[in-house]
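No lab work stands behind these numbers, since they all come straight from the coordinates. Since this is a predicted model, take the numbers as computed values, not measurements. Neighbour counts are summed over all protein chains in view; Cβ atoms, including those assigned to glycine, are modelled from backbone coordinates with ideal geometry.
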């Protein structure tokens, strides 16, 4: 009786394996693909942070903007590209933004207004950011560096209903340290 039961179940494990193996393979490939895209998304984001960290060191570095394609030695783009060496098709754009900051000393609230001329010692910047007449409010020109990165990543396999390439974006902004 026990022998007959074993003979009847002999092929069922093989059939279960044949059904489960494609599903397990699909889950493993999907997890690897998701991990790969997450890795590149982190690379793009970290590259933006590396570029902004370079530009925020001092005003001269923040003004080191441009593009590598134009042939100009752009330190911000070089710092970003060095950080994301796995992404050969990454593009980097950066700019040096100036704002007029008004800080309320009692609450610590900061109000910013964009201005067109950078530099705290420039007379033009001083006229665009006049000193506050309200007590407890300090007004000054502040320089920020902003870096945008983007890279297109293709999937390892084609999945029905899912695009075969993704454009990943990174952004970072940091205040420039005073000289």
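Each label was represented as a point 7 Å from its Cα along the Cα-to-Cβ direction; for residue 25 and residue 58 these points are 6.0 nm apart. How far apart, in nm, are two points set 7 Å out from the Cα along the Cα-to-Cβ line at residue 158 and at residue 106? Computed distance between label sites residue 158 and residue 106 equals 6.7 nm.
Length available on full extension from residue 41 to residue 91: 0.36 nm per residue minus the Cα-Cα distance, which gives 16.6 nm.
With a 10 Å radius around each residue's Cβ, average the other Cβ atoms per peptide and rank 16-28, 88-100, highest first.
Values: 16-28: 9.8, 88-100: 18.5.
Answer by packing, highest mean first, reads 88-100, 16-28.
Which of the peptides 151-159, 47-55 is most tightly packed, and how do the rest follow, going by the mean number of other Cβ atoms within 10 Å of each residue?
Working: 151-159: 13.6, 47-55: 25.4.
Taking the mean over residues of other Cβ atoms within 10 Å, the ranking is 47-55, 151-159.
If packing is taken as the average number of other Cβ atoms within 10 Å across a peptide's residues, how do 37-44, 135-142 rank, most packed first? Don't jump to the answer; show the numbers that get you there.
Working: 37-44: 16.2, 135-142: 14.1.
With the highest mean Cβ count within 10 Å placed first, the list reads 37-44, 135-142.
Taking label points 7 Å from Cα along the Cα-to-Cβ direction, residue 32 and residue 135 give a separation of 7.1 nm.
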